[in-house]
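The values are calculated or read from the model by the stated rules, or taken from the named source; none is laboratory data. What you are looking at is a predicted structure, and each value in this text was computed from that prediction instead of being measured. With ideal geometry, Cβ positions are generated from the backbone for all residues, glycine too; neighbour counts draw on all protein chains shown.
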Amino acid sequence: MSLTLYSHPLASFCHKVLIALYENGTPFHAETVNLGDPGSAAAHIERWPVGKMPVLHDAKAGRVIAETSILIEYLQEKYPGPVRLLPEAPDVLLETRLWDRFFDLYVNMPMGKIVTDRIRPQGQGDPFGINEAQATLTTAYAMIEERMATREWATGKDFTLADCAAAPALFYASIVHPFGDSQRHLGRYHDRLLARPSMKRVIAGARPYFVIFPYRDAMPEHYFKDDA
Ligand SMILES: N[C@@H](CCC(=O)N[C@@H](CS)C(=O)NCC(=O)O)C(=O)O
């Protein structure tokens, strides 16, 4: 098998790429990176010195590819499947890239800030940064609510890279910063993302690790069950 994905089953950015791989039935081998283990962390830094996950190794091409959006574009280019995640039409492609950036930067990142603040050493939390992250999520939710009033997926009728980014970002964000009761379009979009078979498969792989999720106490109980 040519492709190895170095990732962690709980990590939202890893989920984004797993969704892309599952959507197209792309064969790959998953290797778990444990940044808490010095050996595993050192090996990962060797692959990609900034230490972020996921990273893809393509043995056939003899190269390492990092950054989720680039990685999904690489998969489409080199290992295409039935689901075209980066649309062909230039205007839709631009829209897809914009909303991919949006979900990464204004949903996934602030969500991650809130989650990781909980596991900082005692007295070293960042309340100012957390307030900023909460405010960013509030703004992002309002924008998604408006957008999803007229769309099935983030850029229209087709599932794209932007939805790969949205699914894990909104899954965890909805736990740490719940949607407003009136945000029905956002809620329904989230439901559609969770019902997507690729996302169901990602959740099934993450489920055994939910017990170590820092906001485990805020996670709806049904996520711990097989049919979630
Ligand atoms: N911009 C990066 C973000 C990747 C990222 O932040 N991954 C998280 C896991 S969800 C990570 O590696 N965290 C470990 C760390 O920051 O030490 C991408 O799209 O690949």
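When ASP58, ASP100 are checked against the criterion of being within 29 Å of GLN134 (Cα to Cα) and acidic (Asp, Glu), a single residue qualifies: ASP100.
Quick check: is even one residue across the stretch 11-30 in a loop (DSSP other than H, G, I, E, B) and within 11 Å of the ligand (Cβ to nearest atom)? Yes, that holds for at least one residue.
Taken residue by residue, the stretch 35-47 has at least one member that is touching a helix residue (DSSP H, G or I) at 6+ places or on another chain (Cβ under 8 Å), within 24 Å of PRO110 (Cα to Cα) and surrounded by fewer than 21 Cβ atoms within 10 Å (Cβ to Cβ).
Evaluation of ASP181 against the conditions (1) loosely packed, with under 13 Cβ neighbours inside 10 Å; (2) touching a residue at least 60 places away in the same chain (Cβ under 8 Å); (3) of a type in the set (D, E, K, R) shows that the sole unmet condition is (2).
Suppose we filter ILE65, ILE45, ILE70 for residues that are assigned by TED's automatic domain parsing to the domain that holds SER12, within 15 Å of the chain's Cα centre (by Cα), of a type in the set (A, V, I, L, M) and within 16 Å of the ligand (Cβ to nearest atom); which single one remains? Being assigned by TED's automatic domain parsing to the domain that holds SER12, within 15 Å of the chain's Cα centre (by Cα), of a type in the set (A, V, I, L, M) and within 16 Å of the ligand (Cβ to nearest atom) holds for just one of ILE65, ILE45, ILE70, which is ILE70.
Considering every residue within the stretch 116-138, establish whether at least one is of a type in the set (Asp, Glu) and either more than 16 Å from the ligand (Cβ to nearest atom) or closer than 24 Å to SER198 by Cα (or both). The answer is yes, given that some residue of the stretch 116-138 is of a type in the set (Asp, Glu) and either more than 16 Å from the ligand (Cβ to nearest atom) or closer than 24 Å to SER198 by Cα (or both). Listed by first and then second residue, the pairs with beta-carbon distance under 7 Å, at least 6 apart or on different chains, first residue in the stretch 83-106 and closer than 25 Å to THR136 by Cβ and in the same structural domain as LEU137 (by TED's automatic domain parsing), second at pLDDT 95 or above and outside any helix (DSSP H, G or I), are GLU95/THR155; THR96/LEU86; THR96/PRO87; THR96/THR155; THR96/THR160; TRP99/ALA154; TRP99/THR155. Out of all the residues in the stretch 128-148, is one or more in contact with an Asp or Glu (Cβ under 6 Å, 6 or more places away or on another chain), outside any loop (DSSP other than H, G, I, E, B) and modelled with pLDDT of 95 or more? Yes, the conditions are met somewhere in the stretch 128-148. Residue check: THR155 meets all listed conditions (1) within 19 Å of ALA218 (Cα to Cα); (2) in contact with a Phe, Trp or Tyr (Cβ under 7 Å, 6 or more places away or on another chain); (3) of a type in the set (Val, Ile, Thr) but one, namely (1).
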